[in-house]
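Here is the structure we will look at.
The values are calculated or read from the model by the stated rules, or taken from the named source; none is laboratory data. Given the structure is predicted, the values throughout are model-derived calculations rather than measurements. Cβ atoms come from the backbone with ideal geometry, glycine included; neighbour counts cover every protein chain shown.
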Amino acid sequence: MQVSEIMTTQVTTVAPDSSAKSAGQVMAARGFAALPVVDGNHAVMGIVAEADVLRDRLAQDPRLHLRRDAGDGPIPPLLVRGVMTTAVRTVLATADVAELANLFLDEGLRSVPVLDDGRLVGIVSRRDVLRALGRPDDEIGRDVLRLVDSYTGRPGAWSVAVSEGVASLSRPVAVLPEPPAEDAAVAQRDAAVDVEAVRTLARTVPGVVAVRC
């Protein structure tokens, strides 16, 4: 399963010269944890997160503190370029979702921008991965069977059952007259190739967690 199959393509972005306050308003209103920062060519320059906007932005309430500071405090950065993180983790649209999941877990990320030829084409989050894993078993089974039938050119040659994301594929074994040894060896080799190809195809379907042939 590739990132392009599960990513969100309608991405809300901000420009580096946008207001940091307005970026915070967008995140609060739309439930985003972070927004990609892009230039005029849609190349990713950074990312601005909730924590970036919150940092050093709230003045202490003088009613709640004994110390009174008569001086004017520093003005925090007002533009996105002043608060954004420039070291951005990105993934390619062709990346393996399994590797992306490990990235989320190992680095504690919630979402990452998706690039194609250096330009932003989407964003993918933990929720997108969970949504793929949560697909109904019957829907997953139909997709697996469609791929297998298309590959083999023999609809109905394989049967598919999916339970909790585990795809079990099987095919009936015909009882035929004993073939010559050479033909039997060729048939056995071709059957092994078919099984491996079918197993590989099934693994590409979103929601499949394991395959049994």
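What the table shows:
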item	result
Count - residues of the range 1-50 that are among the polar types (S, T, N, Q) and touching a Phe, Trp or Tyr at 6+ places or on another chain (Cβ under 8 Å)	1
Residue in the range 87-96 that is more than 14 Å from the chain's Cα centre (by Cα) and hydrophobic (A, V, I, L, M, F, W, C) present	yes
Set T94, T90, T85: member being closer than 28 Å to V195 by Cα and among the polar types (S, T, N, Q)	T94
Spans of helices (runs of 4 or more DSSP H) in the range 1-112 with at least 2 residues polar (S, T, N, Q) and out of contact with any Asp or Glu (no Cβ under 8 Å at 6 or more places or on another chain)	20-30
Cross-chain or 6+ apart pairs with Cβ under 8 Å, the range 145-170 first and closer than 10 Å to A202 by Cα, then of a type in the set (F, W, Y) and surrounded by 13 or more Cβ atoms within 10 Å (Cβ to Cβ)	L145/W158; V148/W158; L169/W158
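Residue-wise test of (1) closer than 21 Å to R131 by Cα; (2) crowded, with 19+ Cβ neighbours inside 10 Å; (3) assigned by TED's automatic domain parsing to the domain that holds P74; (4) at pLDDT below 90.
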residue	(1), (2), (3), (4)
M7	yes, yes, yes, no
Q10	yes, no, yes, no
A20	no, yes, yes, no
A28	no, no, yes, no
P36	no, yes, yes, no
V44	no, yes, yes, no
